[in-house]
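Okay, structure first, notes after.
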Amino acid sequence: IKLYGEVLLAILPQVDLAGRRRLSERLSMATRAPTTVMRALLLDDDQVAAPICRRAERLDDKSLIDAAQRSDGLRALIAARPGLSIAVLDALVKCADPNTLLVLLENRKVTLRPAMLNDIARFARHRPKLQEAMIARHDLPPALADEMFGWVAPENRDALLQRGDVDEWSVEAV
């Protein structure tokens with residue numbers, strides 16, 4: 001695999017965009033793809049990097065974080081991946097991109113820590129779609145749900161009440 005990777009890395013600069021995209025598609029599904037080539041494709045044009053971001057299982061946290069910091073489009077693809085590590089989740093939340101946060105909130109295959117959800121809540125204050133996605137999370141802490149009741153869009157208050165996490169004092173205060 002190492003030799004195969006070295007050969008691919010040597011010829012990669014001479015391959016056109018369509019060829020690199022095809023290579024990325026194939027390697028993204030391979031279980032034993034050379035990681036050096038995968039990293040190189042991940043740092044390529046977004047069209048080339050997208051399949052790797054979407055499907056490749058053999059990417060380390062640093063590679064995913066570097067890709068997320070490089071491109072909004074890749075960030076959203078990474079946010080949709082199952083089983084993201086705490087380090088990658090933290091990096092995605094810190095990017096504060098509303099589209100990425102929405103994809104991350106809709107990803108039911110990751111568990112967001114309470115501190116992450118608190119950070120996302122700051123961005124959700126004036127974004128009803130983010131509020132909806134937060135309310136739908138199974139891991140939304142009851143205390144945050146209660147706090148959110150005071151500032152969510154009126155159309156999202158019913159959903160919060162249905163969760164059963166809102167204190168009666170919060171309802172009376174609004």
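Provide His126, His138 ordered by accessible surface of protein heavy atoms (probe 1.4 Å), highest first. Present the calculation step by step, with values, prior to reporting the outcome.
Values: His126 165, His138 125 Å².
Greatest to least solvent exposure: His126, His138.
For the range 73-174, applying the loop criterion from DSSP together with a ceiling of 14 other beta carbons within 10 Å to the chymotrypsin sites (Phe, Trp or Tyr not before Pro) yields Trp151.
Cross-link partners for Lys62 among the lysines, with Cα-Cα distance under 22 Å and sequence neighbours closer than 8 places in the same chain left out: Lys2, Lys94, Lys109.
The magnitude of the dipole of the range 44-139, with charges of +1 and -1 set on the Cβ of Lys/Arg and Asp/Glu and taken from the Cα centre, is near 340 debye.
Explain nothing, just the number: relative contact order of the chain, from Cα pairs under 8 Å at least 6 residues apart, as a whole percent.
Values: 197 pairs, mean separation 22.2, N = 174.
After rounding, I find 13 percent.
In terms of Cα atoms, the Rg and Dmax of the range 78-135 work out to 10.0, 29 Å. Note on the range 85-160: dipole from Cβ charges, positive end direction compared against Ser85, Leu112, His138; the farthest Cα belongs to Ser85.
Taking the centroid of alpha carbons for each part, the range 1-28 and the range 54-131 are 28 Å apart. For Rg and Dmax of the Cα atoms in Å, one of [x] 19.8, 75; [y] 23.4, 78; [z] 19.8, 68 was computed from the structure I shared and the rest are decoys. Which label? So the structure-derived entry is [z]. Under the convention that each Lys and Arg Cβ holds +1 and each Asp and Glu Cβ holds -1, the size of the dipole of the chain around its Cα centre is about 920 debye.
Between Ile78, Ile135, Ile86, the GNM of the chain built on Cα springs shorter than 10 angstrom shows Ile86 fluctuating the most.
The values are calculated or read from the model by the stated rules, or taken from the named source; none is laboratory data. Treat the numbers as computed from the prediction; the structure is a model and nothing was measured. No Cβ is skipped: glycine too gets one built from the backbone with ideal geometry, and neighbour counts run over all protein chains shown. For accessibility, only protein heavy atoms count, side chains too; no ligands or nucleic acids. Shrake-Rupley method; radii C 1.70, N 1.55, O 1.52, S 1.80 Å.
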